[in-house]
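Report on one structure; see the data block that follows.
Bear in mind these aren't lab numbers, they're just calculated from the coordinates by the rules spelled out. Because the structure is predicted, anything quoted here is derived from the model rather than measured. Heads up, the Cβs are rebuilt from the backbone with ideal geometry, glycines too, and the neighbour counts pull from every protein chain shown.
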């Protein structure tokens, strides 16, 4: 194998992974995480009651990503937003590098599978708590894979302290428990298929002990048992399943789902056509990750981590089944030094195309890029327009929580709001319910809307509301104070 070419290609692959991971701050939930971190570091307390809305203020709140928010604010307060983008791009690279390292096959095939896998999850990464779940899932899979293949039987105990960290970073810690359980079942299936079932029981027993220890480790969080019941409530919530995009099934009509579709089809084809048969445990992990991803597109992160090694191993096996085609026996002499240099330059040239994109990502904040109403909020701050504020979409409430704390929000992207309340919000913003009664009931004073919102026309026709600001991105309405009768 030509090591210089291999190194150049790996640099090329992970440079692209870094570019994929460098995402603008356009996740609406980022802002309330940042504000939560500011609250924790300034007060020394982890919130247990709702702090930022005027509709649910004081009600119990599980800030399940409290440690992520603390990290967000600690980095931002010292180094700024661009450093956050850089650090989380590096965390993405680290997670993918761990997956690349545990993949088998020629570096060209592994690189192809890796880039396709990262492309498939690009909409789920960025400065988000779930990147911690991406990284920890990758670490769990590496440790569990080594344990199942008898390469390292003691390192599995590292999962216990990692679980303590995970449960405080992100609600995706349940994935870690699922991975341990799948590994235990996979070891039993592999041993049964090989006719050595009795040999599997000692490592299975240890795996069950680790699973039990990790389940107890979950309790080491500020909310105790609530961290078990809360994610289950979210999973059963019709609001999350039908309204929140991350919890919906992938829409394969969208162009952004093309790499995910290719990942599924190519892996199934490689597994079917390869002369090498997959182990039962590999099929189990693939089917479990595929089902989870088809159930909720946020789980595509796990699917990529599971599928990259499978696609790499079995795609190469299939390719080498053709006569005279053997990637593993390639030699540097087949290319030659000059052609190797040319090939390396050709590989690196596409990286230049990302320079303009990086300037946009790491440049000054722009509302078209960050997808939040920066100019409208700045206008409200300058004009001292304060008070209870309704936003459409709801995720703009997260930006108000951070940028305009003088304006408590009606709703935002947190899962603190009761289902009937959220359904009422959906009916109001879709034009299927009258807005006047809820606005009066909760005392709405300001309304911040997208230009396409159904409420723009409704409020424009109302004599009680006045449009005070508009641009190409957002519109602001206020309710003037009525003069008191003498």
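Shown here is the pair-distance distribution of the range 249-324: with all Cα-Cα distances grouped in 5 Å bins from zero up to the longest one, the shares run 3, 16, 26, 24, 15, 10, 5, 2, 0 percent. Size of the range 358-400 from its Cα atoms: along the principal axes, largest to smallest, the extents are 37, 23, 12 Å.
Once you sort the root eigenvalues of the Cα gyration tensor of the range 1-82 as a ≥ b ≥ c, which label holds: rounded (a/c under 1.5), prolate (a/b larger than b/c) or oblate (the other case)? If you can, show how the numbers build up before the last one.
Working: a/c = 3.47, a/b = 3.06, b/c = 1.14.
Taking the square roots of the gyration eigenvalues as a ≥ b ≥ c, the range 1-82 is prolate.
Would you mind putting 413-426, 93-106 in packing order, based on average other-beta-carbon counts within 10 Å, highest first?
Numbers: 413-426: 17.6, 93-106: 20.2.
By packing density, highest mean first, the sequence is 93-106, 413-426.
Using only Cα atoms, locate the centre of the range 391-407 and the centre of the range 152-191, then give the distance between them in Å, rounded to an integer. Spelled out, the Cα-based centre of one part sits 37 Å from the other.
Nearest 5 is fine: what % of DSSP beta bridges in the range 368-478 come out antiparallel, could you say? Roughly 65 percent of the beta bridges in the range 368-478 run antiparallel, per DSSP. Relative to the 2.2 N^0.38 Å rule of thumb, the range 382-431 has a C-alpha radius of gyration ratio of 1.17. Taking a ≥ b ≥ c as the square roots of the eigenvalues of the alpha-carbon gyration tensor, the range 368-478 is classed rounded because a/c is under 1.5.
Need one number for the range 120-193: average projected area of the convex hull over its C-alpha atoms, nm².
Working: hull surface 22.7 nm².
The number I arrive at for the range 120-193 is 5.7 nm².
Computed from Cα atoms, the angle from the helix 197-217 axis to the main principal axis of the chain rounds to 20 degrees.
Computed over the chain, the quotient of the alpha carbon radius of gyration and 2.2 N^0.38 Å is 1.10. In the chain, the longest principal axis of the Cα atoms and the axis of helix 81-101 are about 30 degrees apart.
Please report the antiparallel percentage of DSSP beta bridges with both residues in the chain, rounded to the nearest 5. Could you put the intermediate results ahead of the total?
Details: 10 of 16 bridges.
Of the beta bridges lying entirely in the chain, close to 60 percent run antiparallel.
Using the empirical formula 2.2 N^0.38 Å as the baseline, the Cα radius of gyration of the range 2-46 reaches a ratio of 2.03.
Looking at the square roots a ≥ b ≥ c of the eigenvalues of the Cα gyration tensor of the range 199-264, which shape do they give, rounded for a/c under 1.5, prolate if a/b is larger than b/c, or oblate? Numbers along the way, then the final one.
On the way: a/c = 3.71, a/b = 1.47, b/c = 2.53.
The shape class here is oblate.
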